[in-house]
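Notes for the one structure printed next.
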Amino acid sequence: MSDLTHPVTSPAARPGRIRRWFTRPATAPSPAPSPAPAKRVQFDAPLLPWIFLAPQLVVIFVFFYWPSVQAVTSSFYIEDPFGFGATFVGIDNYRDALGSREYQRIAGFTALFTVLVTAFSLGLGLLFAVKADKVIRGRSAYRTALIAVYAIAPPVAGLMGMMLFDQHIGPFVTLAGWFGYEMKVGINYWDTASAMILISVWKQVPYNFIFFLSGLQGIPASVREAAVIDCRGGFTRFRTAILPLLAPTAFFLLIINITYALFDTFAVIDVMVKDKPANNPLTLVYKVYNDGFRGNDIGGSAAQSVILMVIVLVLTLIQFRWLERRVHYG
Amino acid sequence: MASITISNVSKTYPGAKAASVSDINLDIRDGEFIVLVGPSGCGKSTLLRMVAGLEEISGGEVSIGSRVVNQIDPADRDIAMVFQNYALYPHMSVRENMAYGLKNRRTPKPEIEARVAEAARMLELGPYLDRKPRALSGGQRQRVAMGRAVVRQPAAFLFDEPLSNLDAKLRVTMRGEIRRLQKRLGTTSLYVTHDQLEAMTLADRLVVLNGGRIEQVGAPLEIYHNPASTFVASFIGSPAMNLLDARIEGGRISLGSTQLDTSPVYGHSGPVTLGIRAEDLTPAAAGLPFRTDFVEELGAQRLVHGHVDGQPLVLTLDPAMPLHDEMRLSVAAARVHIFDTTSGKRLDLVRQTRQAAHQPA
Ligand SMILES: Nc1ncnc2c1ncn2[C@@H]1O[C@H](COP(=O)(O)OP(=O)(O)OP(=O)(O)O)[C@@H](O)[C@H]1O
Ligand SMILES: [Mg+2]
């Protein structure tokens with residue numbers, strides 16, 4: 001190919017083709033077109049890349065697409081509770097779910113729960129990160145203490161939370177008692193909700209803390225110093241010169257935290273409301289589980305999980321479309 | 001515009017065993033361009049940062065104008081700083097970068113715009129005002145950093161190796177630009193570099209630092225011709241000054257078995273360090289026996305490396321001059337620097353030599 005494009009630039013190439021393949025005189029102008037774009041790897045066999053991709057594809061298919069398709073299909077059927085076949089019911093399952101007052105109430109609580117958990121987890125994570133970033137003495141001890149919580153498994157966190165809010169030995173209940181309030185977690189709806197939010201936030205703060213802290217430490221010291229000279233007020237400086245540089249981190253964490261609040265708080269909620277009287281706050285995910293595995297309403301539960309999937313999809317799309325544009329990837 | 005007074009300033013970093021900067025005294029006149037120069041780790045940045053307020057002052061006092069600034073916030077010291085890696089705000093456009101400091105000081109908007117426009121004109125940044133720093137070349141970023149300092153119209157500019165991230169050619173251009181700008185604005189400047197050439201060309205006065213202490217202060221040529229110590233002698237000037245072990249015996253300087261053809265030297269005898277600049281050596285009929293090792297061609301001149309009495313020596317020669325493997329070199333008596341071998345301090349014996357030459361011996 002290079003012979004066609006540069007037929008005479010390389011006199012050394014002429015005498016013997018074979019020799020040219022093995023030796024290339026260093027002084028002769030290179031016969032290859034030099035401004036070629038970065039070389040792509042080419043496979044001779046068209047099947048080969050698929051073989052390389054196969055394990056990953058299988059995993060994605062088996063654990064993601066297959067269940068998703070299953071969920072979508074079963075959401076259009078009512079399944080016999082004893083497993084004797086299913087009846088196609090169209091969008092009835094969706095209509096039932098969205099029309100039910102209970103579902104709406106739980107959806108409302110889920111929204112509130114998600115907003116509060118996300119806001120507090122991000123806010124506290126950022127606050128601790130900013131404070132930890134300033135600590136010079138005892139730095140690592142402080143950080144380890146904050147990060148350690150992250151190592152606690154969610155059900156254990158839920159259990160610890162239950163202990164903290166226990167009717168008899170829970171320090172939070174005692175604390176509320178001092179203010180003349182009788183806290184009844186597991187019985188009083190809003191008491192349970194508060195405890196649930198508190199434990200969920202507590203569990204997520206370390207995660208945000210780690211990311212914010214590394215984000216802060218990624219900001220060049222000289223940029224901070226330039227800002228110290230340019231702006232007197234610490235808070236204004238943080239808001240105008242530091243925070244915008246944390247935006248990519250914050251954006252990423254926002255998505256992660258919303259997903260956490262919607263789905264990963266399941267174990268915490270489970271520990272807190274299982275075997276408790278019915279009037280307790282639940283989130284949509286917990287209801288999916290309740291209806292599907294406790295109530296054996298596979299169709300309804302599938303419809304609800306499809307709705308959840310759509311919600312997450314829409315939220316993520318909105319975030320990427322709207323927020324990412326305002327984020328500066330310096 | 002203001003003078004800067006640094007008195008008895010020292011700095012010990014928390015946890016550090018020794019002071020990084022000790023007992024610095026320096027009076028910087030209004031409008032003066034001072035360059036702090038010295039090898040890596042000698043405390044240049046530390047001193048500059050104490051003036052900026054980015055580093056706490058462990059001892060002594062820094063005044064800008066008539067105000068002691070030890071306890072004053074960096075933003076209130078009326079200084080602007082240019083950093084080595086530019087330190088531009090990545091999320092702000094060039095315009096916003098320059099305006100940021102003014103906006104925070106509640107400068108009226110039309111005034112900000114006027115100053116930014118003026119700085120952009122001076123630094124030829126007009127076409128880039130709406131770009132983000134990441135879309136600029138290194139040289140352009142450096143100019144934005146300069147612009148950010150200029151728009152502030154501060155009492156003093158502080159530069160911490162602002163050119164060391166640029167390539168050699170651009171560095172020379174920017175060097176000229178900084179000097180021109182400073183002359184025009186007449187703003188007191190404190191400039192840190194480890195590049196002695198940059199230091200020589202920019203400074204009204206040079207401050208040579210070594211191990212956290214001032215080794216010598218003076219105009220570039222004054223320091224070049226009268227280095228106060230072997231440290232300064234070897235640091236300022238390129239190629240570095242030749243430093244040779246010699247002896248003074250009975251008023252005569254001898255290098256190995258050769259006696260230097262100078263007038264008698266009084267006030268010292270025993271071993272000394274002899275300093276001779278490469279350009280002060282000339283081939284002659286008689287003098288130091290020199291053996292050539294190799295030659296570096298620089299175009300306008302050539303550097304001839306060799307040795308005298310087993311000690312390395314460099315001399316500069318006109319390329320038109322003939323080269324020999326063995327030469328005899330002579331040096332003017334007034335161009336010989338004598339330093340104490342143990343302390344490295346300059347011994348002012350040469351002047352006595354010159355006076356001695358006028359006396360009937
Ligand atoms: N934050 C710090 N903590 C402890 N020691 C420090 C700190 N910063 C600097 N030092 C020490 O202080 C001394 C002077 O450092 P400084 O940064 O002022 O050197 P410099 O002259 O600017 O060197 P360079 O040319 O390499 O920038 C060095 O020995 C350094 O190790
Ligand atoms: Mg430095």
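With Kirkwood's inverse mean 1/r over C-alpha pairs for Rh, give me the Rg to Rh ratio of segment A:167-291, two decimals please.
Result: Rg/Rh = 1.15.
For chain B, what percent of Cα pairs sit more than 31 Å apart?
Here the tail beyond 31 Å accounts for 47 percent of pairs.
Accessible area per residue for segment A:75-326 in Å², computed with a 1.4 Å probe and the full protein assembly in place, what is it?
Accessible area per residue, segment A:75-326: 53 Å².
Want the number for B:LYS17 to B:GLU297: 0.36 nm per residue separation, take away the alpha-carbon distance, what's left?
So the extension gain works out to 96.2 nm.
Suppose R0 equals 30 Å; then what is the FRET efficiency for A:LYS131 and B:ARG106 from their Cβ-Cβ distance, rounded to the nearest 0.05?
About 0.55, to the nearest 0.05.
So if I place +1 on the C-beta of Lys and Arg and -1 on the C-beta of Asp and Glu, and nothing else carries charge, what would the dipole magnitude of the protein assembly as shown be about its Cα centre? I want it in debye, nearest 20.
With Lys and Arg at +1 and Asp and Glu at -1, about 1000 debye.
Round to a whole number: what % of the accessible area of segment B:239-357 belongs to carbon and sulfur, probe 1.4 Å?
Numbers: 2930 of 5910 Å².
So the carbon and sulfur contribution to the accessible surface is 50 percent.
Need one value: the accessible area of B:SER10 in square angstrom, 1.4 angstrom probe, rounded to the nearest 10.
30
Kindly write out, for segment A:204-214 in residue order, the coupling ³J(HN,Hα) from the Karplus curve 6.51 cos²θ - 1.76 cosθ + 1.60 (θ = phi - 60°), rounded to whole Hz, with x marking Gly and Pro.
Result, rounded to whole Hz: 8, 3, x, 4, 5, 4, 4, 5, 5, 5, 5.
Quick check for me: using +1 on Lys/Arg Cβ and -1 on Asp/Glu Cβ, what's the dipole size of segment B:4-230 about its Cα centre, in debye to the nearest 20?
Working: 30 positive and 25 negative charges, 160 e Å.
It works out to roughly 760 debye.
Cut-off 18 Å, label point 7 angstrom out along Cα-to-Cβ of A:ARG239: give me the residues of segment A:187-227 whose amide nitrogen falls inside.
A:227, by backbone N distance to the label point.
Using a 1.4 Å probe on the heavy atoms of the protein chains only, list every residue of segment A:186-231 that has 40 Å² or more less accessible area in the complete assembly than in its chain alone.
Buried by 40 Å² or more upon assembly, which counts only protein chains, are A:SER222, A:VAL223, A:GLU225, A:ALA226, A:VAL228, A:ILE229, A:ASP230.
Quick check on segment B:49-126: take the gyration tensor over C-alpha atoms, sort the square-rooted eigenvalues as a ≥ b ≥ c, and tell me if it's rounded (a/c under 1.5), prolate or oblate.
prolate
Based on the Cβ-Cβ distance from A:PHE320 to B:ASN226, what FRET efficiency comes out when R0 is 60 Å, to the nearest 0.05? All intermediate terms of the calculation are to be shown ahead of the outcome.
Working: r = 67 Å, r/R0 = 1.12.
Here the calculated transfer efficiency is 0.35.
If I model a spin label as a point 7 Å beyond the Cα along the Cα-Cβ vector, how far apart are those points for B:SER343 and A:TYR189 in nm?
For B:SER343 paired with A:TYR189, the spin-label model returns 9.0 nm.
What's the long-distance tail for segment A:75-326, i.e. % of Cα pairs beyond 21 Å?
On the way: 20962 of 31626 pairs.
The share of Cα pairs beyond 21 Å in segment A:75-326 comes to 66 percent.
Averaged across orientations, what area in nm² does the convex hull of the alpha carbons in the protein assembly as shown project?
51.7
Which parts of segment B:71-111 would a label at B:ARG131 reach, counting a residue when its backbone N lies under 13 Å from a point 7 Å out along Cα-to-Cβ?
Counting only backbone N, you get B:93-95.
For B:LYS183 and B:MET321 in one chain, what is 0.36 nm times their gap in residues minus the Cα-Cα distance, to one decimal in nm?
45.7 nm
What pairs in A:LYS203/A:LYS274; A:LYS134/B:LYS109; B:LYS103/B:LYS132; A:LYS131/B:LYS11; B:LYS109/B:LYS132 have C-alpha atoms more than 23 Å from each other?
Flagged as over cut-off: A:LYS134/B:LYS109; A:LYS131/B:LYS11.
Accessible area per residue, 1.4 Å probe, Å², for segment B:4-230: what's the number?
Value returned for segment B:4-230: 41 Å² of accessible area per residue.
Could you identify which residue out of B:PRO220, B:PRO108, B:PRO271 has the top mean-square fluctuation in a GNM of chain B using Cα springs shorter than 10 Å?
Sorting by GNM fluctuation, first place goes to B:PRO108.
Between A:LEU47 and B:GLN259, what is the label-point separation in nm under the 7 Å Cα-to-beta-carbon projection?
Here the modelled spin labels are 9.8 nm apart.
Counting only the backbone N, which residues of segment B:21-43 are under 19 Å from the spot 7 Å out from the Cα of B:SER7 toward its beta-carbon?
Hits in segment B:21-43 for B:SER7 at 19 Å: B:22-30.
Per residue of the protein assembly as shown, what 222 nm ellipticity follows from adding -39500 (n - 2.57) for every DSSP H run with n ≥ 4, rounded to the nearest 500?
-13000 deg cm²/dmol
Using all C-alpha to C-alpha distances in segment B:165-224, build P(r) with 10 Å bins and read off the rounded percent in each one.
Spelled out bin by bin, segment B:165-224 gives 19, 51, 28, 2 percent.
Determine the order of A:PHE61, A:PHE179, B:PHE339 by accessible area, beginning with the largest, at a probe radius of 1.4 Å.
Descending accessible area places them as A:PHE179, A:PHE61, B:PHE339.
The values are calculated or read from the model by the stated rules, or taken from the named source; none is laboratory data. Predicted model, so just to flag it, every value in this text is computed and none were measured. A quick note on method: Cβ atoms are made from the backbone with ideal geometry, for glycine too, and the neighbour counts reach across all protein chains shown. Just so you know, the surface numbers come from the protein's heavy atoms only, side chains and all, with ligands and any DNA or RNA stripped out. Shrake-Rupley method; radii C 1.70, N 1.55, O 1.52, S 1.80 Å.
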